[in-house]
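Inspection log for the structure reproduced underneath, given as structure tokens.
The values are calculated or read from the model by the stated rules, or taken from the named source; none is laboratory data. The model shown is predicted, which means the values in this text are computed figures rather than measured ones. Neighbour counts run over all protein chains shown; Cβ positions are idealised from the backbone, glycine included.
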Amino acid sequence: MSILVQKYGGSSVASPEKIRAVARRIARAKEHHEQVVVVVSAMGKTTDELLGLARQLSKEPSPRELDMLIATGEQQSSALLVMALLEIGCPAISLTGAQSGIVSSGVHTKAEILDIDPTRVVQELDRGKVVVVAGFQGVNGNNDITTLGRGGSDISAVALAVTLGAPVCEIYTDVEGVYTADPRLVPRARLLGEISYEEMQELANLGAKVLHPRSIEFAQKFNIVLHVRSSFGQAGGTLVKGAGDLEKKRVVSGVACDLDTAKAVVLGVPDEPGVAQRVFLALAEANINIDMIIQSMMRKDRNDIAFTVEEGDLPRVIEIMDRVAAELGAEGVAHDANVAKISIVGAGMISHPGTAATMFGALGDAGINIEMISTSEIKISCLIQEADAKRAVEAIHERFHLDS
Ligand code: ADP
Ligand code: ASP
Ligand code: MG
């Protein structure tokens, strides 16, 4: 029995016309597959608008109530999509995350999917209906709605595909697939026919929001192919799957840009054992994720420790670092939210010395200063000023000839 899981992102269901077009696409898919499950995001900017409303009423809204509120976005779009399907004679039913048996962890606004009991979904599929599931949400042990983090509908879709035994999960979005760089930033970016899970996960972690990183992790673990495609055309899209021929590994597959990052520096900390631990333990205890770290060269008996965090965490980081700096007898704390992290990702760079030098050369020739650097086996990241981000991505894209 063939089963297909499709996910439609917010821009794909942003208006009644677009919902109608999606309904027609689903009805066509139903002609070729016995069972079709569809996961939807909220219409257009609905989630942002709901968050904006919440902030008008409370500076720090209750996370539980936030989840109650933002989960309604996906409930609207799923019900509207089913209305459009019924209108064209395609039997369908919408289900919330809870009704679909999606059990999530207790953490409000950043929950994880723990389990899926597909009984109801399967029942409705057996009745010949297309099942439209509200993405981005589950229900926790207290019977409370929890959401999966921004962009989390991708995770709902892949988790359902895993549970239902679908070999492929189609992700429909507002671009034709995965490109060598964000096509909105680099118009000459090239569509990739396929990309490995590892590379896609790095790109997603480093700011390419076309797929949620955790959805790729799930897909890789359960060997499900992700097919990223445009909701608006018929183009072939991109397959995200296991790495193919080792020989063909590209040195650089793509360039990513993350503007949601900020730098903090603890200035003039005493050059003594245990100091770095004091700094980073305080941040860990506050549940703050650290990304890049640099300890500068010693001047006399003092060092600077610089690191990056998510921009939203910066106010708390400054508060904590002011306290830690005073305790350590450091000289002070500085910060900068106007930074961007530019990264290149490619499985082939492991065996290609000089890749980093080429990247730094592209930035240097463009007169762009590098503030921090971090590397792993298949990626190199540079922190630069946010105002230079677009130019930096374009310069690197060109230097590695990614458009050809
Ligand atoms: P959806 O609402 O469908 O989930 P998203 O906005 O989450 O869509 O993701 C699609 C967007 O991801 C595109 O509009 C594009 O601007 C951005 N993007 C960033 N990097 C890339 C990339 N390398 N390839 C394709 N899209 C990318
Ligand atoms: N609507 C949610 C968001 O805007 C989830 C998603 O779109 O995947 O983050
Ligand atoms: Mg998305």
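Of the residues 238, 261, only one is under 27 Å from residue 357 (Cα atoms) and surrounded by 13 or more Cβ atoms within 10 Å (Cβ to Cβ); which? It would help to see each step written out before you state the result.
Numbers: 238 fails: under 27 Å from residue 357 (Cα atoms).
Every option except 261 fails the conditions.
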At pLDDT 95 or above, among the acidic types (Asp, Glu), over 26 Å from residue 390 (Cβ atoms) and surrounded by fewer than 18 Cβ atoms within 10 Å (Cβ to Cβ): does that describe residue 272? no
Of all the residues that make up segment 164-221, how many are more than 14 Å from ligand 3 (Cβ to nearest atom), free of Cβ contacts under 8 Å to residues at least 24 places away in the same chain and assigned to a loop (DSSP other than H, G, I, E, B)? 2
Here is a check on your reading of the model: is residue 346 farther than 29 Å from residue 243 by Cβ and touching a residue at least 40 places away in the same chain (Cβ under 8 Å)? no
So residue 266 passes all but one of these: (1) under 28 Å from residue 393 (Cα atoms); (2) touching a helix residue (DSSP H, G or I) at 6+ places or on another chain (Cβ under 7 Å). Which condition number does it fail? (1)
Kindly indicate the residue of segment 368-385 that is farther than 26 Å from residue 249 by Cβ and assigned to a strand (DSSP E or B) and also nearest to the chain's Cα centre (by Cα) among those meeting that condition. 383
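Restricting attention to segment 152-173, does a residue exist that is under 20 Å from residue 345 (Cα atoms) and within 16 Å of ligand 2 (Cβ to nearest atom)? So that I can check it myself, show each step before the final result.
Narrowing segment 152-173 to residues under 20 Å from residue 345 (Cα atoms): none.
No: zero hits.
Residue 139 - would you say it is free of Cβ contacts under 8 Å to residues at least 60 places away in the same chain and either among the β-branched types (Val, Ile, Thr) or within 9 Å of ligand 1 (Cβ to nearest atom) (or both)?
On the way: free of Cβ contacts under 8 Å to residues at least 60 places away in the same chain: yes; either among the β-branched types (Val, Ile, Thr) or within 9 Å of ligand 1 (Cβ to nearest atom) (or both): yes.
Considered against the rule, which asks whether it is free of Cβ contacts under 8 Å to residues at least 60 places away in the same chain and either among the β-branched types (Val, Ile, Thr) or within 9 Å of ligand 1 (Cβ to nearest atom) (or both), residue 139 comes out as yes.
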For the condition under 22 Å from the mean Cα position of the chain (by Cα) and under 23 Å from residue 182 (Cβ atoms), what is the one hit in 365, 388, 313, 291? 291
Which one of these does residue 111 not meet: (1) in contact with a strand residue (DSSP E or B) (Cβ under 6 Å, 6 or more places away or on another chain); (2) in a helix (DSSP H, G or I)? (2)
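Please go through segment 35-70 and give me each residue that is within 16 Å of ligand 1 (Cβ to nearest atom) and touching a residue at least 24 places away in the same chain (Cβ under 8 Å), ordered by number. So that I can check it myself, show each step before the final result.
We begin by selecting, within segment 35-70, every residue within 16 Å of ligand 1 (Cβ to nearest atom); these are 38-51, 70.
Listed by number, the residues that qualify are 38, 39, 40, 41, 42, 43, 44, 45, 46, 47, 70.
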Report, ordered by the first and then the second residue, all pairs with beta carbons closer than 7 Å, sequence separation of six or more or different chains, a first member in segment 272-300 that is more than 19 Å from residue 323 (Cβ to Cβ), and a second member that is exposed (fewer than 14 other Cβ atoms within 10 Å of the Cβ). 298/271
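Mind listing just one residue for me: the one in segment 197-234 that is hydroxyl-bearing (Ser, Thr, Tyr) and modelled with pLDDT of 95 or more and, of those, surrounded by the most Cβ atoms within 10 Å (Cβ to Cβ)? Can you show your working first?
Taking segment 197-234 as the starting set, the residues that turn out to be hydroxyl-bearing (Ser, Thr, Tyr) are 197, 215, 230-231.
Of the ones still in play, those that are also modelled with pLDDT of 95 or more are 197, 215, 230.
Values: 197: 20, 215: 29, 230: 17.
Ranking the qualifying residues of segment 197-234, first place goes to 215.
Being of a type outside the set (D, E, K, R), in contact with a Cys (Cβ under 6 Å, 6 or more places away or on another chain) and either surrounded by 14 or more Cβ atoms within 10 Å (Cβ to Cβ) or within 26 Å of residue 267 (Cα to Cα) (or both) is the requirement here; does residue 384 meet it? Step through it out loud before you land on a result.
On the way: of a type outside the set (D, E, K, R): yes; in contact with a Cys (Cβ under 6 Å, 6 or more places away or on another chain): no; either surrounded by 14 or more Cβ atoms within 10 Å (Cβ to Cβ) or within 26 Å of residue 267 (Cα to Cα) (or both): yes.
For residue 384, the condition - of a type outside the set (D, E, K, R), in contact with a Cys (Cβ under 6 Å, 6 or more places away or on another chain) and either surrounded by 14 or more Cβ atoms within 10 Å (Cβ to Cβ) or within 26 Å of residue 267 (Cα to Cα) (or both) - is not met.
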For the subset of segment 136-163 comprising residues that are more than 15 Å from ligand 3 (Cβ to nearest atom) and assigned to a loop (DSSP other than H, G, I, E, B), which member is surrounded by the most Cβ atoms within 10 Å (Cβ to Cβ)? 140
Which numbered condition in (1) in contact with an Asp or Glu (Cβ under 7 Å, 6 or more places away or on another chain); (2) away from ligand 3 (no atom under 16 Å from the Cβ); (3) under 14 Å from residue 233 (Cα atoms) is the only one that residue 24 fails? (1)
Over segment 335-353, the set of residues surrounded by fewer than 17 Cβ atoms within 10 Å (Cβ to Cβ) and modelled with pLDDT under 95 is 350, 351, 352, 353
